Amino acid sequence: RQMCIRDRFKITDSGYAEFEDVRVRGRISSSVFEYDKISAVGGKLIIGNSSVLAQDVSSTDTIISVEDSVFNVGEVLRIKDGVNEEYMLVTDTSNAPTYQVTRYLNGASDLTWNKGTAIVSTGIGTSGSQTGFIMLDAVSTYSPFIDVAYRNSEDYDDFSTKVRLGNLEGITDPDYGNLSGFGLYSDNVFLK
């Protein structure tokens, strides 16, 4: 049996569903294997601890709730929609997945965020416990490249590129100066 209303959507008894347009404000979870498929991300892809907001965040909130208990004290979080961008510092995790945060690290102000908006960690900035993130970038100046970044402090923009694969322009090394061309950059490289 198949349900179809004016060819706008289709749902079959076998579990197949097809829709013309879908807007999801929450999470979609799946296990997927696709062969010979093209996928695209418009912008940068950041790999790090991440979740989605479990409820709306007003411009004055210093407590955020997310779907997963993944963040730690000292993590610098990045949240962005099509226009706005904000960095937050996690200051208390005792009620995770509800977190106490310091907002507007990047000088933004009066921002509100809707439930379902993705939020990603750019690493822990606490001295002695630093971590980082991986970024695939094909839209910024000097792109394309893949960076492994390491956070130096809790300042939102204080991280160092420890490894770059791709366009090396934009990296200044104390020993080699301004790099250019395509290649691999790191303090330690072992090739065999």
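For the chain, the tally of Lys pairs with Cα-Cα distances below 21 Å comes to 4, considering only residues 8 or more apart or on different chains. Shape analysis of the stretch 58-157 places it in the oblate category; the axes a ≥ b ≥ c from the Cα gyration tensor give an a/c of at least 1.5, with a/b not above b/c.
A simple rule links phi to the HN-Hα coupling: the Karplus curve 6.51 cos²θ - 1.76 cosθ + 1.60 with θ = phi - 60°, which for the stretch 155-168 gives 5, 4, 10, 9, 9, 10, 7, 8, 9, 9, 10, x, 6, 8 Hz, with x for Gly and Pro.
Rounded to the nearest angstrom and ordered from largest down, what semi-axes does the equivalent ellipsoid of the chain get from its C-alpha gyration tensor (root of 5λ)?
34, 26, 15
For the chain, the solvent-accessible area of protein heavy atoms averages 67 Å² per residue (probe radius 1.4 Å; ligands and nucleic acids excluded).
Close amide-amide hydrogen proximity is noted between Gly116 and Leu53, Ala54, Gln55, each under 5 Å apart and 5 or more residues distant or on a separate chain (H modeled in the peptide plane; Pro and chain starts excluded).
The values are calculated or read from the model by the stated rules, or taken from the named source; none is laboratory data. Fair warning: this is a prediction, and the values are worked out from it, not measured in the lab. Just so you know, the surface numbers come from the protein's heavy atoms only, side chains and all, with ligands and any DNA or RNA stripped out. Shrake-Rupley method; radii C 1.70, N 1.55, O 1.52, S 1.80 Å.
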